[in-house]
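Below is one structure, written out as structure tokens; the observations come after it.
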Amino acid sequence: MQIASNDNKPRLMSPKEAAVATSLSRTLLSLMSDEDRFPKPVDLTGGRRIAYVRAEVEAWIDSRIAARTAA
């Protein structure tokens, strides 16, 4: 697995890690992704294993924080 150049975190995160990072369930993240309200996961093994791009999840979290302060 490649490591991001600016830190030691893997570039991908499991659905469980994404759920913990967002405080949303894996099921809700999947539904939101299907509705284009959350980043799409990367298919790692033909549908049996997925992961989210860490930078996209972190950007989504940042956008939620920004939306709160803008409102």
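Between ALA70 and VAL20, how many nm apart are label points set 7 Å from Cα along the C-beta direction?
Result for the modelled spin labels: 3.0 nm.
Using θ = phi - 60° and the Karplus form 6.51 cos²θ - 1.76 cosθ + 1.60, what ³J(HN,Hα) does each residue of segment 26-38 get, whole Hz, x for Gly and Pro?
Computed from phi, the couplings for segment 26-38 are 4, 5, 5, 4, 5, 4, 5, 5, 4, 9, 6, 10, 8 Hz.
Tell me what the chain gives for mean residue ellipticity at 222 nm when only DSSP H runs of n ≥ 4 count, each as -39,500 (n - 2.57), the sum divided by the residue total, rounded to 500 deg cm²/dmol. Numbers along the way, then the final one.
Details: 3 runs with 34 residues, N = 71.
That calculation yields -14500 deg cm²/dmol at 222 nm.
Before anything else, pin down the relative contact order of the chain: Cα pairs under 8 Å, at least 6 apart, normalised by residue count, whole percent. Working shown, then result.
On the way: 63 pairs, mean separation 19.7, N = 71.
Result for the chain is 28 percent.
Taking all protein chains as present, what is the carbon and sulfur share of the accessible area of the chain, in % to the nearest whole number, probe 1.4 Å?
Looking at the chain in its full context, I get 52 percent from C and S.
Could you tell me which label, among (i) 89; (ii) 101; (iii) 134, carries the value of volume of the Cα convex hull per residue in Å³ calculated for this structure?
Recomputing volume of the Cα convex hull per residue in Å³ here gives the entry labelled (ii).
The values are calculated or read from the model by the stated rules, or taken from the named source; none is laboratory data. In this text the structure is predicted, and so the values were computed from the model without any measurement. Every residue, glycine among them, receives a Cβ derived from its backbone with ideal geometry; neighbour counts consider all protein chains shown. Please note that ligands, DNA and RNA were not included when accessible areas were found on the heavy atoms of the full protein model with its side chains. Shrake-Rupley method; radii C 1.70, N 1.55, O 1.52, S 1.80 Å.
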